[in-house]
Amino acid sequence: MRFFKNMVLGFVFLAPFVLQAQDTLRAETPEDDRAVILKTLEEYLEAGQAKNYDRVLDFIHPTLFKAAPREALLEHFQAMDRDTQDFTTDFGEGTILKMSDIFEEDGNKYILMDYNFEMLMHFKNLETAANYLDLYKKFYGAEQVTFDAATSTIKVVTKKSMYGIFEPGFDTWKFIENNENQAFLLESIVPKTVIEKIKNQKK
């Protein structure tokens, strides 16, 4: 259950900020590739806002479904949607801080994108807020999450990153969060040589 929640958190809270890219921090990514990636993220956003979870899963790399079957994830999305009746969510402005170069290996394309965002979750009661607080601290990092007991509000201000992957046979770019909770999946999707190239580019 916790694995499902970690995956779903990574999918859902990507959406509100993906269109706010900082021009001054672009890598040497070809403009047409960059435009396609941003357009794909826009479609991801629209699917999330419409709660079209089946469509949201179209943007997830299929390797993740080996660990968590698509049908099970879809059911968990829907269950989480029912749970969110206990709180409302507000998003501040988010920004794509940087897009790496696109690296190709064995016919596949890879890109890493750094981003930040702010999220406020207003809960109807303290008990529900407490249940989510521990999950958010583990997913985003305790230092990135604060809790206002007087208003039952959790605030997340964080910087994260995600990989975009395009493989032959895909009809769209696929995404996976770059976090420790999914490290074993990430290593099976993004070659170590690509990860090292991106790390070296960041130096």
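Regarding Lys66, is this residue more than 29 Å from Phe184 (Cβ to Cβ) and surrounded by fewer than 15 Cβ atoms within 10 Å (Cβ to Cβ)?
no
Restricting the search to segment 56-65, which residues are in a helix (DSSP H, G or I) and either within 24 Å of Thr128 (Cβ to Cβ) or under 15 Å from the mean Cα position of the chain (by Cα) (or both)?
Val56, Leu57, Asp58, Phe59, Leu64
Pick from segment 177-190 the residues that are touching a Lys or Arg at 6+ places or on another chain (Cβ under 9 Å) and of a type outside the set (Asp, Glu): which of them is modelled with the highest pLDDT?
Among residues in segment 177-190 that are touching a Lys or Arg at 6+ places or on another chain (Cβ under 9 Å) and of a type outside the set (Asp, Glu), the one modelled with the highest pLDDT is Ile189.
Looking for something of a type in the set (A, V, I, L, M), assigned to a strand (DSSP E or B) and either under 23 Å from Ala67 (Cβ atoms) or under 16 Å from the mean Cα position of the chain (by Cα) (or both) - is there at least one such residue anywhere in segment 187-199?
Scanning segment 187-199, I find no residue that is of a type in the set (A, V, I, L, M), assigned to a strand (DSSP E or B) and either under 23 Å from Ala67 (Cβ atoms) or under 16 Å from the mean Cα position of the chain (by Cα) (or both), so the answer is no.
So Lys51 ticks every box in (1) surrounded by 13 or more Cβ atoms within 10 Å (Cβ to Cβ); (2) part of a helix (DSSP H, G or I); (3) modelled with pLDDT under 85 but one. Which box is left unticked?
(2)
The values are calculated or read from the model by the stated rules, or taken from the named source; none is laboratory data. All values derive from a computational prediction rather than experimental measurement. All Cβ positions, even for glycine, are placed from backbone atoms using ideal geometry, and neighbour counts span all protein chains on display.
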